[in-house]
Structures are given as structure tokens and as C-alpha cells.
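The values are calculated or read from the model by the stated rules, or taken from the named source; none is laboratory data. Here the structure is a predicted model, which is why all the values come from computation and not from measurement. With ideal geometry, Cβ positions are generated from the backbone for all residues, glycine too; neighbour counts draw on all protein chains shown. Note: areas computed on protein heavy atoms with side chains; ligands, DNA, RNA excluded. Shrake-Rupley method; radii C 1.70, N 1.55, O 1.52, S 1.80 Å.
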Amino acid sequence: MQQKIIILDFGSQTTQLIGRRLRELNTYCEIVPYNRFPENDPTVIGVILSGSPFSVYDEKAFRTEVRPLIERYPVLGICYGAQMMAYQGGGVVEPAPSREYGRALLSVVDSEDPLMKDVKVGEQVWMSHGDTITSLGEKYKIIASTDSVSCAAYRVEGNKAWGVQFHPEVFHSQCGTRILKNFTVDVCGSDCSWTPASFIESTVNELKAQLGDDKVVLGLSGGVDSSVAAVLLNKAIGDNLTCIFVDHGMLRKNEFVNVLNDYKCLGLNVIGVDASAKFFSELVGVDDPEKKRKIIGKGFIDVFDAEAHKIKDVKWLAQGTIYPDCIESLSITGTTIKSHHNVGGLPEKMNLKLCEPLRTLFKDEVRAVGRELGMPDHLIKRHPFPGPGLAVRILGDITPEKVRVLQDADDIFITGLKEWGLYDKIWQAGVILLPVRSVGVMGDERTYEQAVALRAVTSTDAMTADWAHLPYDFMAQVSNDIINKVRGVNRVCYDISSKPPSTIEWE
Ligand code: XMP
């Protein structure tokens with residue numbers, strides 16, 4: 001049985017990071033809203049209470065009774081989690097004389113305490129709080145201090161419960177990983193058995209039990225998540241999985257044929273549907289970005305639904321939903337704040353049971369699972385690509401000719417990034433076809449043709465992004481190649497805007 005640590009989410013921005021750090025320690029964990037502790041789950045081996053934007057005294061603050069938890073499990077409170085546990089144990093939490101943000105050095109450490117094993121005086125920790133614990137209840141004992149915060153960490157004597165006011169999960173806390181490891185491995189007894197291979201083995205078994213002989217359909221997009229979900233399901237149920245890959249005509253150059261071929265080589269039972277004519281005809285004259293998205297989204301659902309109905313007795317719809325999608329979808333009050341990106345609207349339309357085998361994984365874990373499943377690097381390391389594809393990179397209305405021009409320019413840019421060893425250093429890259437014409441000169445002739453913008457960004461999650469500082473020599477070559485080889489383009493620009501305030505896509 002897979003052991004797990006539960007992270008109770010009180011709304012901190014770093015809650016997901018705590019999850020990532022535990023997974024890096026090969027310990028499986030789940031982030032759940034602060035009021036949804038899984039009471040009857042025998043696999044729970046410990047609990048972490050996250051930080052929060054609230055102060056413990058706020059009327060609206062999220063609260064959980066800590067005592068019943070610390071009677072049953074090892075508990076680690078982080079920042080607000082530590083303050084709430086101290087407050088409920090008779091301590092006092094007050095606004096700090098000056099808000100404490102950024103680095104601080106540990107000045108006192110009780111290295112006899114299991115949480116502080118191998119943590120040294122002078123190590124840097126990262127603070128981010130407006131309140132501070134000014135006194136502790138009976139049985140609460142300080143185990144670490146900094147110059148300005150006497151209670152940087154404490155232990156509840158008689159229980160396996162600790163609180164730290166700093167953030168061990170952030171990269172800048174030098175001893176952070178050590179403290180999380182002391183907690184998960186030494187205190188909670190994690191056997192560190194969570195690996196991509198163990199995930200595959202247990203998920204394949206669970207899928208076999210869940211799906212039996214049922215038939216399942218899955219929409220492939222060419223992206224990492226849906227592809228890994230398909231290979232995993234294929235391993236569990238073989239040809240009872242039918243994959244549908246729809247070409248809406250806005251894919252990259254040759255992508256439909258190449259990716260379809262990759263899927264077949266992986267042994268997937270896949271149907272490729274070229275529906276580009278339908279999409280082109282529905283998009284004639286449409287230049288509003290949201291309308292384009294709606295037309296493509298609805299068209300995709302209709303095509304997928306029609307194909308799926310040709311298969312007899314389908315019971316399940318599988319999706320490559322991953323963990324950040326689920327966390328974003330669920331605010332801590334339980335209401336949906338963002339609908340799933342993948343195939344929004346499909347589950348409602350199709351009235352099938354939903355199967356999401358990757359819903360507990362982070363993006364880099366999905367890649368690790370894909371690698372373990374033997375998938376080729378070019379599928380696994382693929383940049384994210386928007387569902388509506390090149391439609392949102394052609395500003396204004398769409399014609400097959402504009403798509404052809406953009407595909408050719410995009411192909412030169414992406415192939416160049418790969419040849420120059422730059423592709424894997426970048427989160428996402430592409431070309432945008434601008435609705436402007438400019439004058440140029442080629443040979444003896446004056447030209448009046450279109451301009452394109454190159455976009456390449458670095459990022460870790462697409463929430464924020466910076467423009468990639470590509471080498472000038474590379475950009476010179478790409479610009480030259482595009483202007484010389486792509487009929488219809490006579491000017492190339494490079495987009496040097498970061499997100500925010502810009503976005504990654506132009507529409
Ligand atoms: P923005 O432009 O909002 O993009 O900075 C963030 C990430 O989302 C992708 N994106 C989309 N993906 N359907 C998708 O499936 C869409 O309509 C869509 N719009 C943007 C974008 O490529 C980037 O990775």
C-alpha cells in the first residue's frame with residue numbers, strides 16, 4: 001500500500017512547493033483543502049499544515065482543530081500552520097514589530113531534536129510572515145531561533161508535533177530539504193518508495209481493477225500529458241483503449257502525420273481524424289480570439305463525440321489532467337475557479353465516466369513516468385502548445401494560406417532551436433503571424449509582405465515567464481532563413497516582453 005503524507009492547504013502560495021519537495025524525497029503526498037482531511041485513510045503517515053494569507057486572529061481565517069491530528073499523526077506546521085498550532089496550544093501570536101520577509105540566519109539550534117538533526121547554526125532560512133509567535137503554551141519548547149525571531153521553530157513535547165515559522169519548502173532555505181527529510185523519513189517513517197516505476201506499477205493495477213473489460217476513449221493532442229496518459233492506459237487495458245487524434249488544421253507543420261506515426265509506433269490503438277476542412281470553413285472571417293477559441297473548442301468536441309460514438313459500448317472518457325489542473329480547479333472553499341484546460345466541456349457532453357490516471361502528478365513527474373514507459377524524448381520534452389493551435393498565433397482572421405506561411409516560419413524557428421541545442425532550455429517557443437505588411441526589397445524588386453514575430457520564453461509553470469535571451473547569431477540565422485525561404489514574409493521581429501504584464505500567446 002502506498003504510504004502518503006497529507007498536506008492540509010490553508011491557502012499559501014507555496015503549498016504546491018511543499019508537495020514537490022516531498023515527492024523529490026520519493027515520498028507520496030496529497031494536498032487537500034484544510035477542511036477535508038481524509039479521516040479513514042489507513043495509508044496516511046503524517047500531516048503538514050501549510051501557510052496561509054490569513055492571520056490566526058482573522059475572522060475569515062481557515063481553521064482546523066489541531067489537537068485530534070497531533071494525537072494520531074506526526075504533524076509539522078509551517079508558518080501559519082505553526083502559528084495556528086501554537087495559538088490553539090495556549091500560545092500568543094502577534095503582529096511582528098516589522099514584517100519578516102526574506103533571508104534570516106539560524107542563531108540557535110537544538111540539534112538533539114529529531115526535526116533539527118544535522119541542521120547547523122548559521123544556516124539560512126526563508127521567512128515570509130507578518131505575525132510572529134511571542135509566547136508558547138505549556139509543553140511547547142523552542143528548538144531554533146534567529147536573531148529577530150526567538151521562536152523560529154518549536155516542538156510539542158509528548159507528541160510528534162513541530163512548528164517552523166520559516167518556509168523549509170522554498171529553495172532559499174538552505175536546511176529546508178534536510179528538515180523536510182527529517183520529518184518525512186525519520187519521524188513519519190516514509191520508506192521513500194515513491195518512484196515513477198512504483199507509480200506505473202500501482203496505477204496499472206488500479207486501472208485494471210477500475211476498468212475491467214470496459215471500453216475507454218481518450219483524446220490525444222500531441223502534448224505530453226495526454227500522450228503519457230494514453231501509454232499508461234494502453235499498458236493496463238491494451239486495445240480496450242481507443243485514442244482519437246483530431247487534426248483541426250492549426251497544428252504545426254507535418255505534426256499530424258509525425259505524431260500519429262509516433263503513437264502507432266508506441267502500440268496505441270489510435271484513430272486520426274483530418275477535420276481541417278470543417279474548421280477552416282467555420283472560421284472564415286472570424287477575427288475575435290475568444291470566438292476562434294469557442295469555434296475550435298466546440299468543433300473539437302463534436303468531431304470527438306461523433307468518432308467516439310462509432311465505437312461500441314464505450315463507458316469511460318480518459319483525460320490527461322495533471323495535478324496543478326486539479327489544484328487550480330478547486331479553491332479551498334470547494335468551488336471551481338478554473339475549468340480544466342484539456343478538453344473543457346467533453347465530460348459534460350459525453351455522459352461517460354471520467355478516468356484521469358495522472359491527476360496526482362506534477363508536470364516533471366509526468367515526464368519521468370513517460371520516460372520510464374519508454375516513450376521517445378521528442379514526445380516527452382515537447383513544448384506546451386495551445387489547444388486552438390496556430391489559430392491563436394495568426395492575429396486576425398484565418399485562411400489556409402496564412403496557416404501555411406506560419407507553419408513554414410514556425411518550422412524553421414523550432415528546427416533551428418533544436419539544432420542549436422536551445423530547445424530544451426526553453427519552456428515554449430513559436431512564431432506569430434502579424435496582421436501588418438511592410439515594405440522590403442528583394443533583388444531588384446520592392447516587396448510588400450507580412451511580418452512575423454518570434455516568441456520564446458523561459459518559465460516553470462506558464463504563470464510567469466521571461467523572454468529567452470537567445471544568441472544573436474542564432475536569431476540572425478533564423479531571420480535570414482525565414483525571409484529567404486518563406487514566401488510571403490519579409491520581416492522578422494523578436495518579442496521581448498515578459499509575463500506579466502504580457503502573456504505568452506498574443507491572443
Ligand atoms: P498565456 O498566453 O495565457 O498562456 O500566457 C499560458 C499557457 O497556456 C497556453 N494557452 C492555451 N492552452 N488553450 C490551451 O490549451 C488555450 O486556449 C490557450 N491559451 C493559452 C499557452 O500556450 C501557454 O502555455
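Considering only residues of region 150-170 that are touching a Phe, Trp or Tyr at 6+ places or on another chain (Cβ under 8 Å) and not in a strand (DSSP E or B), which is most open to solvent (accessible area, probe 1.4 Å)? Step by step, filter region 150-170, then rank; the result is K160. Give the residue that is nearest to the ligand (Cβ to nearest atom), with candidates limited to residues of region 449-467 that are open to solvent by 60 Å² or more (accessible area, probe 1.4 Å) and of a type in the set (S, T, Y). Within region 449-467, the match that is nearest to the ligand (Cβ to nearest atom) is T464.
Can you go through G396, G387, G370, G421 and tell me which one is closer than 20 Å to L251 by Cα and modelled with pLDDT of 95 or more?
Numbers: G387 fails: modelled with pLDDT of 95 or more; G370 fails: closer than 20 Å to L251 by Cα; G421 fails: closer than 20 Å to L251 by Cα.
Testing whether each residue is closer than 20 Å to L251 by Cα and modelled with pLDDT of 95 or more leaves just G396.
Looking only at region 270-295, residues that are in contact with a Gly (Cβ under 9 Å, 6 or more places away or on another chain) and open to solvent by less than 50 Å² (accessible area, probe 1.4 Å) come to 5 in all. Taking (1) of a type in the set (G, A, S); (2) touching a strand residue (DSSP E or B) at 6+ places or on another chain (Cβ under 7 Å); (3) modelled with pLDDT under 95; (4) more than 16 Å from the ligand (Cβ to nearest atom) in turn, A318 satisfies each apart from (3).
Condition first: more than 29 Å from K208 (Cα to Cα) and either within 14 Å of the ligand (Cβ to nearest atom) or among the basic types (K, R) (or both). Can you find one or more residues in region 357-365 that meet it? I'd like the intermediate steps shown before the answer.
Start the filter on region 357-365 by keeping residues that are more than 29 Å from K208 (Cα to Cα), which leaves none.
Within region 357-365, none of the residues are more than 29 Å from K208 (Cα to Cα) and either within 14 Å of the ligand (Cβ to nearest atom) or among the basic types (K, R) (or both).
The residue that is most open to solvent (accessible area, probe 1.4 Å), among those in region 135-149 that are over 24 Å from L69 (Cβ atoms) and of a type outside the set (D, E), is S148. When region 420-448 is filtered for residues that are part of a strand (DSSP E or B) and open to solvent by less than 50 Å² (accessible area, probe 1.4 Å), the ones remaining, listed by number, are Q428, A429, G430, V431, I432, L433, L434, S438, G440, T447. When region 202-236 is filtered for residues that are among the basic types (K, R) and within 15 Å of the ligand (Cβ to nearest atom), nothing remains.
Inspect region 177-189 for any residue being closer than 30 Å to W126 by Cα, outside any helix (DSSP H, G or I) and of a type outside the set (A, V, I, L, M, F, W, C) and give the result as yes or no.
First pass over region 177-189, keeping only residues closer than 30 Å to W126 by Cα: 177-189.
With outside any helix (DSSP H, G or I) added as a condition, the list becomes 188-189.
If we keep only those that are of a type outside the set (A, V, I, L, M, F, W, C) as well, we get 189.
Taking every residue of region 177-189 in turn, at least one turns out to be closer than 30 Å to W126 by Cα, outside any helix (DSSP H, G or I) and of a type outside the set (A, V, I, L, M, F, W, C).
Of the residues that make up region 105-121, is at least one under 16 Å from G176 (Cα atoms), among the small types (G, A, S) and in contact (Cβ under 8 Å) with a residue 60 or more places away in the chain? Within region 105-121, none of the residues are under 16 Å from G176 (Cα atoms), among the small types (G, A, S) and in contact (Cβ under 8 Å) with a residue 60 or more places away in the chain. If L361 satisfies every condition in (1) at pLDDT below 95; (2) buried (at least 19 other Cβ atoms within 10 Å of the Cβ); (3) assigned to a helix (DSSP H, G or I) but one, which is the exception? Among (1) at pLDDT below 95; (2) buried (at least 19 other Cβ atoms within 10 Å of the Cβ); (3) assigned to a helix (DSSP H, G or I), L361 violates only (3).
Do we find a residue being of a type in the set (K, R), more than 28 Å from the chain's Cα centre (by Cα) and within 23 Å of L22 (Cα to Cα) anywhere in region 62-77? Among the residues of region 62-77, at least one is of a type in the set (K, R), more than 28 Å from the chain's Cα centre (by Cα) and within 23 Å of L22 (Cα to Cα), which makes the answer yes. Only one of the numbered conditions (1) touching a residue at least 24 places away in the same chain (Cβ under 8 Å); (2) of a type outside the set (K, R); (3) touching a strand residue (DSSP E or B) at 6+ places or on another chain (Cβ under 9 Å) is not met by D461, and that is (3). Of all the criteria given as (1) free of Cβ contacts under 8 Å to residues at least 60 places away in the same chain; (2) among the charged types (D, E, K, R); (3) over 22 Å from K349 (Cβ atoms), the one not satisfied by R252 is (1).
Could you run through region 367-394 and say how many residues are within 13 Å of the ligand (Cβ to nearest atom) and within 16 Å of I432 (Cβ to Cβ)? Please lay out each step first, then the result.
Narrowing region 367-394 to residues within 13 Å of the ligand (Cβ to nearest atom): 382-393.
From what is left, the residues that are within 16 Å of I432 (Cβ to Cβ) are 383-386, 388-393.
Final tally of qualifying residues: 10.
Residues of region 468-501 that are farther than 22 Å from S438 by Cβ and within 16 Å of the ligand (Cβ to nearest atom): A468, S498, K499, P500, P501.
Scanning region 15-30 for residues that are under 17 Å from the mean Cα position of the chain (by Cα), open to solvent by less than 30 Å² (accessible area, probe 1.4 Å) and closer than 14 Å to I45 by Cα gives L22, Y28, C29.
Among the residues of region 382-409, which ones are of a type in the set (S, T, N, Q) and part of a loop (DSSP other than H, G, I, E, B)?
Selection gives T399 alone.
Pairs meeting the criteria (first residue in region 268-297 and farther than 21 Å from G222 by Cβ and among the hydrophobic types (A, V, I, L, M, F, W, C), second residue open to solvent by less than 80 Å² (accessible area, probe 1.4 Å) and in a helix (DSSP H, G or I), beta carbons under 7 Å, at least 6 apart or on different chains) are V286/K292; V286/I295.
Just one of S50, S12 is touching a Pro at 6+ places or on another chain (Cβ under 9 Å), in contact (Cβ under 8 Å) with a residue 12 or more places away in the chain, among the hydroxyl-bearing types (S, T, Y) and crowded, with 19+ Cβ neighbours inside 10 Å; which is it?
Details: S50 fails: touching a Pro at 6+ places or on another chain (Cβ under 9 Å).
Selected residue: S12, the only one of S50, S12 that is touching a Pro at 6+ places or on another chain (Cβ under 9 Å), in contact (Cβ under 8 Å) with a residue 12 or more places away in the chain, among the hydroxyl-bearing types (S, T, Y) and crowded, with 19+ Cβ neighbours inside 10 Å.
Among the residues making up region 483-506, those that are under 33 Å from the mean Cα position of the chain (by Cα), surrounded by 15 or more Cβ atoms within 10 Å (Cβ to Cβ) and β-branched (V, I, T) are V492, I504.
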